[in-house]
Amino acid sequence: MSVAQGREYLAIPGPSVMPEAVLRAMHRSAPNIYEGALVEMTHGLVPDLRRVARTRHHAAIYISNGHGAWEAALVNVLAPGDTVFVPATGRFGHGWADMAAGLGIETQVMDFGKASPFDLDRVAEALRADRSHKIKAVLATHVDTSSSVRNDIPGLRRVLDETGHPALLMVDCIASLACDRFEMDEWGVDVTVAGSQKGLMVPPGLGFVFFSDKAAAARVKMDRVSRYWDWVPRANPAEYYQHFGGTAPTHHLYGLRASLDMIFEEGIEHVWARHARLAQAIWAACDAWGQGGSLRLNISDPAMRSHAVTTLCIDAPHGAELRKWVSEHLGLTLGLGVGMALPGSPEAGGFFRMGHMGHVNGQMILGLLGGVEAGLTALGVPHGKGAVEAAAAVIAGRPD
Ligand SMILES: *Cc1c(COP(=O)(O)O)cnc(C)c1O
């Protein structure tokens with residue numbers, strides 16, 4: 001019997017759950033785009049976005065998804081024939097590299113597989129070998145949403161400094177901004193890329209690029225940058241409202257205002273701590289399930305795991321069966337194992353992901369875990385007992 005009627009729960013790593021406050025802010029008739037409330041509100045968004053990315057520098061808002069923000073970041077500082085170094089730890093590093101290749105940029109990809117973070121010694125070796133400093137930028141993914149690894153960005157900065165390499169440090173924070181601690185200025189990041197539909201809890205459609213003065217200087221040296229993606233007018237507070245490259249993304253801006261208000265009301269440090277606690281609860285449950293079956297966390301070292309997405313490995317086809325069962329019977333949608341195996345292949349049934357980014361709290365995570373428990377039980381998939389209890393203990397602040 002299905003017990004799926006009720007509020008659906010999309011527990012995938014983006015788009016994330018949208019708060020009522022965001023939905024309410026967006027539920028309005030078409031606003032005046034020439035003057036008044038919308039225009040005034042928009043001027044406050046850039047400084048507030050900078051607060052979330054922890055930077056005093058520049059921020060540009062685009063009408064795009066994350067792929068658009070990837071492209072925006074690249075075209076402002078890199079020309080065809082330039083070289084980038086891409087340490088890849090899952091699908092998304094390769095995705096950004098592919099985008100660079102499509103722009104005629106030479107890509108040096110160092111693949112660390114699907115279950116490990118960057119090996120900083122190997123990265124240092126590659127940077128040292130580049131004596132002529134051909135590499136113009138390092139493209140790093142903070143949280144790779146396919147493997148759920150969280151890479152050491154301050155460590156990567158240290159490697160650039162120790163090897164004396166002048167490349168720009170460009171970081172994809174699409175899955176980590178407002179979920180995992182990220183300190184753009186303190187960590188010495190030159191370009192940060194983000195999107196609206198993950199930790200920022202707004203529908204897909206806004207892309208963000210933050211850039212340092214060093215990146216701004218690199219932009220000035222470019223012969224040409226496509227008009228739509230040029231970050232100069234978009235990052236100029238006096239001008240940017242006119243520079244959405246056409247009509248402003250009116251409703252998304254209202255949604256973003258509401259989401260930023262929620263983040264500041266909670267406090268960004270608390271937002272990070274909440275994500276960390278809920279992630280620990282999920283890991284405790286997964287460890288318990290793994291005691292009596294094949295289910296295990298893809299990233300073995302807790303220090304290198306995302307607090308916003310968790311990739312699980314399980315004997316195929318249980319991953320695919322579980323996703324189908326919880327969707328049909330519980331109204332719960334789990335994430336596909338993107339990038340872990342060929343889509344549609346039998347191996348792809350050996351993975352699934354849980355998204356726990358943005359507007360999620362303890363009762364939702366316990367519901368998510370209880371739902372997976374029900375699915376494993378219904379399908380007769382072998383699993384250890386006590387998973388939900390273990391998660392509840394973490395949420396209660398009393399593990400063990
Ligand atoms: C979601 C995501 C992307 C892609 O964003 P889209 O909005 O789907 O284009 C890129 N990188 C990371 C790390 C992501 O999580």
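The values are calculated or read from the model by the stated rules, or taken from the named source; none is laboratory data. If you're wondering where the values come from, they're calculated on a predicted model, not measured in any experiment. In this analysis, Cβ positions are derived from the backbone assuming ideal geometry, glycine residues included, and neighbour counts consider all displayed protein chains.
When you scan the stretch 61-84, do you find a residue that is within 30 Å of Asp119 (Cβ to Cβ), assigned to a strand (DSSP E or B) and either basic (Lys, Arg) or within 16 Å of the ligand (Cβ to nearest atom) (or both), even just one? Yes, because at least one residue in the stretch 61-84 is within 30 Å of Asp119 (Cβ to Cβ), assigned to a strand (DSSP E or B) and either basic (Lys, Arg) or within 16 Å of the ligand (Cβ to nearest atom) (or both). Please go through the stretch 343-400 and give me each residue that is closer than 20 Å to His307 by Cα, of a type outside the set (Gly, Ala, Ser), surrounded by 14 or more Cβ atoms within 10 Å (Cβ to Cβ) and over 22 Å from the mean Cα position of the chain (by Cα), ordered by number. Within the stretch 343-400, Leu366, Val372, Val388, Val394, Ile395 qualify.
Pairs linking a residue in the stretch 46-75 that is assigned by TED's automatic domain parsing to the domain that holds Gly102 and touching a residue at least 12 places away in the same chain (Cβ under 8 Å) to a residue that is part of a strand (DSSP E or B) and surrounded by fewer than 20 Cβ atoms within 10 Å (Cβ to Cβ), with Cβ atoms under 6 Å and 6 or more positions apart or on different chains, do not occur.
Inclusion of Gly90 among residues that are farther than 30 Å from Ala217 by Cβ, buried (at least 19 other Cβ atoms within 10 Å of the Cβ) and either without any contact (Cβ under 8 Å) to a residue 40 or more places away in the chain or of a type in the set (Gly, Ala, Ser) (or both) is warranted.
The strands (runs of 3 or more DSSP E) located wholly in the stretch 166-219 that include 3 or more residues which are among the β-branched types (Val, Ile, Thr) and within 16 Å of the ligand (Cβ to nearest atom) occupy 191-195. For the stretch 85-105, the set of residues classified as in a helix (DSSP H, G or I) and either out of contact with any strand residue (DSSP E or B) (no Cβ under 6 Å at 6 or more places or on another chain) or near the ligand (Cβ under 10 Å from one of its atoms) (or both) consists of Arg91, Phe92, Gly93, Gly95, Trp96, Asp98, Met99, Gly102, listed by residue number. Looking across the stretch 39-57, the residues that are more than 17 Å from the chain's Cα centre (by Cα) and either at pLDDT below 95 or within 16 Å of the ligand (Cβ to nearest atom) (or both) come down to Val39, Glu40, Met41, Thr42, His43, Gly44, Leu45, Val46, Pro47.
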